[in-house]
1. For region 1-137, just the Cα atoms, rotate onto the principal axes and tell me the three extents in Å, largest first.
2. For region 1-99, what's the relative contact order in percent, using C-alpha pairs closer than 8 Å and at least 6 residues apart?
3. May I ask you to order 184-190, 258-264, 201-207 by the average number of other C-beta atoms within 10 Å around their residues, highest value first?
4. With no solvent and one point on each alpha carbon, what is the Debye value of log10 I(q)/I(0) for region 6-50 at q = 0.14 Å⁻¹?
5. Using helices alone, what [θ] at 222 nm do you get for the chain, with -39,500 (n - 2.57) per DSSP H run of 4 or more residues, divided over all residues and rounded to the nearest 500?
6. Can you give me the relative contact order of region 135-241 as a percent, contacts being Cα pairs under 8 Å and 6 or more apart?
7. Divide the volume of the convex hull of the Cα atoms of region 459-513 by its number of residues and quote the answer in cubic angstrom per residue.
8. What whole-number value in cubic angstrom gives the convex hull volume per residue for the C-alpha atoms of region 103-174?
Amino acid sequence: MAARRFPRGGVATPHYLASTAGLATLARGGNALDAAIAANLALGVVAPYLCGYGGDVFAIVWDGELHGYLGSGRSPRAATIDAVRDRAQSDTMPYFGPHSVTVPGAVAGWFDLLDRWGTRSFGELATLARCYAYDGFELTKTGAAFLGGSVAFYEGFPALRAAYDGVAAGQALRQPALARTIDTLAADGPDAYYRGPIADAIAASVQALGGLLSAEDVAAYQGRWVQPLRARYRGLEIAELPPPTQGVATLEALRILDGFALPEDGPERHHLLIEATKLALQDRNDYVSDPAAMTVRPEAMLADDWIDGRRSRIDPQHATTPAPGEAHVGGTAYLCAADADGLLVSLIQSNFMAFGSGVHVPQWGINLNNRGASFTLDPAQVNALAPAKFPMHTLIPAMALYDGEPTIVFGTMGGDSQAQIHVQLLAHLIDDGADPQHAIDAPRWYLEPATWTLRAEPQFPDTWFDALHALGHDPRRTGRIDTGMGHAHAIQRMDGGYAVATEPRAEGAALGL
């Protein structure tokens, strides 16, 4: 099936109710940024296992120029390696629990983005989200499977399980405490979250479980406006966000691949894509973190000499095995929106893994992120935990530009696999000239950097697996639904409008006017 085409604008998200909220906003005269925020607010309610009001948000916006926004938070100011080792009784960074929580950035990000481009109030844009939270919405079979599978990770977190356990397909999920948060934000703005009663409750919930986050940490939060990083691939310019995100890994892999004449889609091509992404992810693990802690700048990682050196390591006839690194699996929601005036939004929002840390703020219905799980307690590593530090972040919204004008808005969820999926999508979109929906529908693979295990969807033919084995890979078949394969969405500018594509691996929708 080809991407759906709309003359005046569109929105794509991983949940049909969120896409509906975005489309309703466009239909009422809102712009693409309004639509993106309305969709995101709804996603935090209808897909709390992907994102929410205790997570982070990143965005790239085109309004005639390219703008980047980093909405992620720092570790607590009291969070030293020794303090976390002592409290967690562990030599490794906890994946769940109070020590994995960083200051949430999404709420401030929504208001910052609206202040710059919005034409509607937060309250108006939150109307459907608030209804879904207070009145409830019916879980589909797919939604119930996502919800139930995610809840299973949180055996030791009774407050979170009480909020979501036992809801089956066909039943309504109600979240009245989250509706209270939405009402409070609509009435009092972000100060209620960062310097008011919500901030106090967030800090109290973390500290009750032995964590170090304080109300002062929450109050100190600020989002950051940045210039996206850019690199050329096949005559186009790809824009990604700078560190602490992994956007530089996508650009490094693409620059490496730009020196090869890619074969037609098949095992030999995928071998080159895999080898290039291995090199880029290894560099990400070694060098990318809070910009203040990095010893190698992202511009250096995209310089000709660096890229030439990495490209020379690729053997077109045989796979390599880098040293193992840290794994960053995650649950995230990517969405994109466009309007008739040419405003384009690429936005991604996440609590990290499923519901996040497991720390639930019951009086406000908020699930706190576990972005701090990306830190390590090894002080020799660039991403070592330190007070008030940004962790390396997997969230990477993106755009592709031709002759200085955006032509494709795209992105995906998937933790470590995000940069890898960007590379695969762009090979289809740019090298093959594929329709956006066909590019998203195509089978995918991803590498797990902790072991460099290659996971591949069973839609690839047996001959594909055999050929990659012969090249030295060991691809393992996944199930037909594996969130490591991401939930990708894209909007392509076309003559007379937009082609809007959504992810068949989720329950999203590509809608427009």
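The values are calculated or read from the model by the stated rules, or taken from the named source; none is laboratory data. Because the structure is predicted, anything quoted here is derived from the model rather than measured. Note: ideal-geometry Cβ built from the backbone for every residue, glycine included; neighbour counts use all protein chains shown. Quick note on the areas: whole protein, heavy atoms, side chains included, nothing else; ligands and nucleic acids left out. Shrake-Rupley method; radii C 1.70, N 1.55, O 1.52, S 1.80 Å.
1. The principal-axis extents, from largest down, are 58, 38, 35 Å.
2. Values: 83 pairs, mean separation 14.2, N = 99.
Once normalised by length, the contact order is 14 percent.
3. Working: 184-190: 16.0, 258-264: 12.7, 201-207: 20.9.
Those peptides, ordered most packed to least, come out 201-207, 184-190, 258-264.
4. -0.27
5. On the way: 19 runs with 180 residues, N = 513.
After summing the helix terms and dividing by the residues of the chain, the value is -10000 deg cm²/dmol.
6. Working: 88 pairs, mean separation 19.4, N = 107.
Once normalised by length, the contact order is 18 percent.
7. Working: hull volume 6.6 nm³, N = 55.
Spelled out: Cα convex hull of region 459-513, divided by residues, is 119 Å³.
8. Numbers: hull volume 8.8 nm³, N = 72.
So the per-residue Cα hull volume is 122 Å³.
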